[in-house]
1. Here are some conditions: (1) at pLDDT below 80; (2) exposed (fewer than 14 other Cβ atoms within 10 Å of the Cβ); (3) among the basic types (Lys, Arg). Arg86 meets all but one. Which one does it not meet?
2. Criterion first (farther than 19 Å from Asn83 by Cβ and either among the polar types (S, T, N, Q) or at pLDDT 90 or above (or both)) does Pro143 satisfy it?
3. Just name the residue that is nearest to Leu166 (Cα to Cα) out of those in region 109-128 that are modelled with pLDDT under 85 and of a type in the set (S, T, N, Q).
4. May I ask you to list the residues in region 120-167 that are within 17 Å of Met178 (Cα to Cα) and β-branched (Val, Ile, Thr)?
5. May I ask you to list pairs of residues, at least six apart or on different chains, whose Cβ atoms are under 9 Å apart, with the first in region 145-161 being within 16 Å of Ile121 (Cα to Cα) and the second being in a loop (DSSP other than H, G, I, E, B) and modelled with pLDDT under 90?
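The values are calculated or read from the model by the stated rules, or taken from the named source; none is laboratory data. Since the structure is predicted, the reported quantities are computational estimates derived from the model, not experimental observations. Here the Cβ positions follow ideal geometry from the backbone for every residue, glycine too, while neighbour counts run over all protein chains shown.
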Amino acid sequence: MNSDQFHVKELGKASRRTAWLSLIGVLVVLISLGYSAYKLNSLEKVVLSKKAEVSSLEELINNLKKEELVLRDRINRTTDEYNELRKNVAIAKATGKNTTHGPEYNFTIYINSPPELLNNIKKVTYDFNHPTFKDPHREVSDPKTRFACFYVGWGCLDSVVVKVFLKDNTEHSIDFDMCKSLGPGWY
């Protein structure tokens, strides 16, 4: 074999090796591109899923903000009603009479509110916090009497828990100072 033929044979072998290596390189590149496209597609699905999740959460947040505004408005209205009730719960009358047991007084406690507020009240309970009361818990449900409660006693109480139950099933509790309401001569 002559040297030209040898070089041609070697050159052919080298060309085939180069072609195979190039083919393997192209296959590696194609497989890498395919894998990258697959991963990119999977990643795109994850991103779309997360975007949908974020959108859903944003909608939930907006709904919660709306609900918060409604609840804040209700709290404000309830606070206003509570303050109105607190301002208008009053002793209407305290008169005295002497008995053989000493001075006794006829006390009346009632809700001193406008009719539209009285119409929203279902019932009122009064808890007279004093050990001398035989029946310390009283419940009144007559709006015509302004939910009045009467008792005979030797003095006023500085703590009567007045619980107002509204028709919307809310309730307000007020620690009422009868003595303060009656004025300076009582405390």
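1. (2) is the only condition that Arg86 fails.
2. On the way: farther than 19 Å from Asn83 by Cβ: yes; either among the polar types (S, T, N, Q) or at pLDDT 90 or above (or both): yes.
When the stated conditions are applied, Pro143 passes them.
3. Within region 109-128, the match that is nearest to Leu166 (Cα to Cα) is Ser113.
4. Taking region 120-167 as the starting set, the residues that turn out to be within 17 Å of Met178 (Cα to Cα) are 124-133, 136-138, 146-164.
Hits for region 120-167 are Val124, Thr125, Thr132, Val152, Val160, Val161, Val162, Val164.
5. Here the result reads Arg146/Asn112; Arg146/Ser113, each pair linking region 145-161 to a residue that is in a loop (DSSP other than H, G, I, E, B) and modelled with pLDDT under 90.
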